[in-house]
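Q: Before I ask anything, let me first share the structure, which is written out below as structure tokens.
The values are calculated or read from the model by the stated rules, or taken from the named source; none is laboratory data. This one's a predicted model, so the numbers in the text were calculated from it and none came from an experiment. FYI the Cβ positions are ideal-geometry reconstructions off the backbone, even for glycines, and counts take in every protein chain you see. The protein model used for the area step is the full one, side chains on, heavy atoms only, and it has no ligands, DNA or RNA in it. Shrake-Rupley method; radii C 1.70, N 1.55, O 1.52, S 1.80 Å.
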Amino acid sequence: MIPSWMVIGAVTFLVAVGSFFITPRDAKWFAQLSRPRWLVFEPFIPLIWTVIFICGAASAHLVWLHNPGGVITWLLMGLYLLVEIITVAYIPLMLRFRSLKTGEIIGISGFMSAVLLAICILPISGLATLLLIPYLLWSPIGTYTTEELRQMNPEDA
């Protein structure tokens, strides 16, 4: 039998990598947007999200270990998957619609889903909940950044 941490890690990896296959090839629109001067961390965003996804997978693994294969556990795994799918949908959908508003809606949706997930897993594992803190901290920063981009690029909102 394949260890649960490997399955969770593989699913996390496949969803993240899978988003590249649905991302529009022409990202010139996004690259040409005006950016706030304080957005100096943009080159580090892929690394930041990689760490966040690793923390999320570790959190899911801890929840799985609490009650492997239980109905509630499977539902929680579905919620973890939903949070990741919403998160990786940000770039493909924003580029597809050339709409920063779309990105902002996705950012808010991901954050709200992650808050719900954190509330659901808190009684199961405090550590699993703590591992979601990077997402819960970073997601609003990304959403705020998207809002700032909307303000600076009203024609692309």
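Q: What ranking of 64, 5, 38 comes out by heavy-atom accessible area, probe 1.4 Å, highest first? Intermediate results must be reported in sequence, preceding the final value.
A: On the way: 64 40, 5 150, 38 100 Å².
Highest to lowest solvent-accessible surface, that is 5, 38, 64.
Q: Additional query: Among 24, 43, 134, which one shows the biggest mean-square fluctuation in a GNM of the chain, springs joining Cα atoms closer than 10 Å?
A: Answer for the Gaussian network model of the chain: 43.
Q: For segment 42-95, what does the alpha-carbon gyration tensor say about shape, rounded, prolate or oblate, given a ≥ b ≥ c as the root eigenvalues, a/c under 1.5 as rounded, and a/b over b/c as prolate? Mind dumping the intermediate values first?
A: Working: a/c = 6.34, a/b = 1.82, b/c = 3.48.
Cα axes put segment 42-95 in the oblate bin.
Q: From the backbone phi of segment 113-119, what are the Karplus-calculated ³J(HN,Hα) couplings (6.51 cos²θ - 1.76 cosθ + 1.60, θ = phi - 60°) in whole Hz, Gly and Pro given as x?
A: 5, 5, 4, 4, 4, 4, 5
Q: Okay, next question. Using alpha-carbon positions, what is the distance between the centroids of segment 64-110 and segment 126-153, in Å?
A: 13
Q: Just how large is the dipole of segment 79-154 about the Cα centre, in debye to the nearest 20, putting +1 at every Lys and Arg Cβ and -1 at every Asp and Glu Cβ? List each step's numbers first, then the result.
A: Working: 4 positive and 4 negative charges, 43 e Å.
For this selection, approximately 200 debye.
Q: Please state the charge dipole magnitude for the chain, taken about the Cα centre, from unit charges on C-beta atoms (+1 on K and R, -1 on D and E), reported in debye and rounded to the nearest 20. Let's see the in-between values first.
A: Details: 8 positive and 8 negative charges, 37 e Å.
Roughly 180 debye, rounded to the nearest 20.
Q: I've got another one for you. Grab the DSSP H runs of the chain that are 4 residues or longer, score each as -39,500 (n - 2.57), total them, divide by all residues and round the 222 nm result to the nearest 500 deg cm²/dmol. Each step should come with its number before you reach the end.
A: On the way: 7 runs with 119 residues, N = 157.
Calculated from helices alone, the mean residue ellipticity at 222 nm is -25500 deg cm²/dmol.
Q: While we're looking at this one, here's another question. Only loop residues by DSSP count here, and only those with at most 13 other Cβ atoms within 10 Å; note down the trypsin sites (Lys or Arg not before Pro) in segment 78-127 that meet that.
A: Values: sites: 96, 98, 101; in loops: 98.
Within segment 78-127, the qualifying trypsin sites (Lys or Arg not before Pro) (loop, at most 13 other Cβ atoms within 10 Å) are 98.
Q: If we sort 137-145, 70-78, 26-34 on the protection proxy, mean other Cβ atoms within 10 Å, highest first, what's the order?
A: On the way: 137-145: 16.6, 70-78: 13.3, 26-34: 11.2.
Going by the mean number of other Cβ atoms within 10 Å, highest first, we get 137-145, 70-78, 26-34.
Q: With unit charges on the beta carbon (Lys/Arg positive, Asp/Glu negative), name the residue among 95, 80, 33 whose Cα is farthest towards the positive pole of the charge dipole of segment 1-116.
A: Farthest towards the positive pole: 33.
Q: Per residue, how large is the accessible surface of the chain? Use a 1.4 angstrom probe and give square angstrom. Write down the numbers at each step before the final one.
A: Working: 9200 Å² over 157 residues.
It amounts to 59 Å² per residue over the chain.
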